[in-house]
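Only one structure is covered here, and it is reproduced in the block below.
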Amino acid sequence: MNIIALHGKGSSPERIKWLTEPLSKFGSVIAPHVDVEVEDALKIVGKYSFDLVAGHSRGGIVALLAAADYRVPVIAVSAPSDRLMQRRHLCSYPEGTFQWKQCMEQANLSESYLRSTSPIYYADRISHALLIHGKLDEIVPIEHSEMMCSRIRESGGKCKLVELMMKHAPPKSLEKELSLAIEEWIRNDFGEG
């Protein structure tokens with residue numbers, strides 16, 4: 001199986017080994033550098049052939065959109081599903097905070113662009129998803145994954161939501177639990193193994 005794994009904004013392929021290592025048990029994993037806006041990242045992803053796509057944070061947005069475009073299963077960790085809702089959330093934080101800085105970086109993105117790159121609007125084209133989200137995530141609230149999973153199911157797709165006691169990125173102490181969730185989903189729900 002060919003798998004593509006996508007890191008989030010300000011990250012790198014080396015910083016998502018917690019995602020690529022369990023995936024590598026099931027096939028060849030490609031983790032390109034995608035520290036670009038969503039539309040540009042989708043162009044990079046389109047250069048590859050893959051059977052499964054996975055991503056963290058903004059990489060999760062791209063993974064969900066790619067799953068809808070290419071009709072492949074997806075794993076998304078801490079991914080915003082509605083970018084307009086996400087921007088409102090970030091902008092609600094006080095000036096100078098990490099969230100506020102993220103809001104300011106999105107200020108030049110139009111509402112129509114954010115809507116067109118929001119996975120929630122393409123949930124009906126996702127047939128199989130594993131969403132993993134931290135209950136303590138202050139960057140992307142868990143409601144994003146709850147809404148996305150609900151919308152996928154309402155559209156006839158399969159979606160499993162795994163909630164972990166973590167913030168936005170998995171700490172070392174949860175890597176084993178995260179790996180087991182991914183491996184179990186691929187073996188049992190996705191049928192590989």
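Worth a mention:
- Test: residue in the range 43-52 that is in contact (Cβ under 8 Å) with a residue 40 or more places away in the chain, open to solvent by less than 10 Å² (accessible area, probe 1.4 Å), farther than 20 Å from His168 by Cα and not in a strand (DSSP E or B): yes
- Among the candidates Met165, Met148, residue that is open to solvent by 30 Å² or more (accessible area, probe 1.4 Å) and among the hydrophobic types (A, V, I, L, M, F, W, C): Met165
- Answer from Ala123, Ala107 - the residue that is of a type outside the set (Asp, Glu), free of Cβ contacts under 8 Å to residues at least 60 places away in the same chain and within 29 Å of Asn2 (Cβ to Cβ): Ala123
- Hey, Ser81 among the small types (Gly, Ala, Ser) and open to solvent by 10 Å² or more (accessible area, probe 1.4 Å) or not: no
- For the range 27-34, the criterion of being crowded, with 23+ Cβ neighbours inside 10 Å and either at pLDDT below 95 or assigned to a helix (DSSP H, G or I) (or both) is met by no residue.
- For the range 114-156, the set of residues classified as among the acidic types (Asp, Glu) and closer than 21 Å to Gln99 by Cβ consists of Asp137, Glu138, Glu143, Glu146, listed by residue number.
The values are calculated or read from the model by the stated rules, or taken from the named source; none is laboratory data. Predicted model only: the values in this text are computed from it and were never measured. Note: ideal-geometry Cβ built from the backbone for every residue, glycine included; neighbour counts use all protein chains shown. The area values use the complete protein model at the heavy-atom level, side chains included, leaving out ligands, DNA and RNA. Shrake-Rupley method; radii C 1.70, N 1.55, O 1.52, S 1.80 Å.
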